[in-house]
Structure formats: structure tokens, C-alpha cells
1. Rounded to a whole number, what is D in µm²/s for the range 30-151 from Stokes-Einstein with the Kirkwood radius over alpha-carbon pairs (37 °C, 0.692 mPa s)?
2. Quick one: order Lys181, Lys35 from most to least accessible surface, probe 1.4 Å.
3. Using Stokes-Einstein with the Kirkwood hydrodynamic radius over Cα pairs, what translational diffusion coefficient do you get for the range 20-74 at 20 °C and a viscosity of 1.002 mPa s, in µm²/s rounded to a whole number?
4. For Lys166, go through the lysines and keep the ones whose alpha-carbon is under 17 Å away, minus same-chain ones fewer than eight residues off.
Amino acid sequence: PNANEVINNNTSPAVGSNEVIVLPPHLITEQIAVKKLTFSVLQSLVANGVTNILLTPSNAPHIEKVLHTMSEGAIDASHCYDPIVRKTCISFFRHLIDQWCSPSTLHDASQQMQQHTIIHNGFLRFLLDSVLPGLLRSLLHPSFNHHDALQSRCLSEIAKILTTLKDRIGTTEFDTSVALKFFTGDLASTSLLQDVSKAFSQAVTSKDMEKCLTIMITSSKQ
């Protein structure tokens, strides 16, 4: 499939655009349904190991749009999507981390893989600069209830993202790019204690990460 065709029905304004589009309710409902289908198709591609479809000559130019589309569903700033749909989008990023963020894929210097390596590194940068901060802040939103059975699935999936990322890029890089950056800098205003940041650094399993995220959420509400 052509990635641009898959997401072409997303009629939201382009990133950075000041354009405001007011749609009637029935078209908004239809647009959300199309986006949900888009999320499902893209997640299925990466979950079933056919991610290279996104890197073909016809699809690679649209990878940035794909990532922004899935990021919208994962972070869910508009709260248009139910937790199951949101989990689908978060899972998309977890699978990409597993496939695109190993040392071999991030540092392949062969001419044949050069373009793919550029995309892989661009994905990692987008993940660290945009997706992860958005995901972590979404957990601190007043509407997020980690005791809710469905919303807790999103929490578990974010914990798996962190665990997979730490495994792929290594503890040192994880500490620098994630644990120290987000839990002593960007999110310091949430009253997180220094030992919480240390707990993220020492976490090994997804359950460890999930406990850390729960502490983060609880601390932010104190």
C-alpha cells in the first residue's frame, strides 16, 4: 500500500498551519472513523513485521506525515479517541522502536542502507523530542485515570515503550535522553522527587517502568 494514500483522508491542517476548519458533526464523526481505520492499518503493518513497506521509494517521502498522524492518536490531545484506539497508536511506536532503534539500524554506514539509516535516526529524534514528552504529559492530564481498566492499558503500553527503548539504545543513552531529561527537567514542575528519576534509570522490566510511571502520576497529584 501507499502510505500517503492510507493517510490522505486525514483532512486536518498541516503542522504549523494557522488554518481553522469547521466541519459539521456528521463529517467530524466520519473523519474520526477514517483516522481510526488509518491507525489500525499502520499499526498492523509494523506489528506484522512488514515495516519496510514504509521505506519503499514511494512511501519514504511520506514517513514524517505517518509519524505525525500516529503521534496524534497516541498522545490524543483532543481526547477524540477511546483508550483502545490510543493503545493501538502507542503500540505502533513500540514496534518501530524495536525494529528501527537497534545499534545496527541506527549506525549502518553501508551505501545501500544509508537512506534507511537517516530515517531511523530521524524517527528516534522525533520520538525523543515529540512523542515521549507528549505521552508522559498525557499521563499527567487530569482526565487520565490510571485506575481505569482501559486507560491502564495505555499506561502499560507506554511502560513497554520505555523498556524497549532502553533495551535498544542502552542504559547510558536512555539515562541521558530520557530519565535525566524528562524527570529532572521538563517534568520537574510535577514535584517528582530525585529518587523517582533514579528509579526510571534502574528499571529493567516493563512492570518496573509501569511502577515508576504510577509513582510519577501519584506524585503529580500531591
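The values are calculated or read from the model by the stated rules, or taken from the named source; none is laboratory data. Note that the coordinates shown come from a computational prediction; the quantities given were computed from them, not determined experimentally. With ligands, DNA and RNA removed, areas are computed over all heavy atoms of the protein, side chains included. Shrake-Rupley method; radii C 1.70, N 1.55, O 1.52, S 1.80 Å.
1. Translational diffusion coefficient: 216 µm²/s.
2. From most exposed to least exposed: Lys181, Lys35.
3. In µm²/s, the coefficient is 170.
4. Correct list for Lys166: Lys181, Lys198, Lys207, Lys211.
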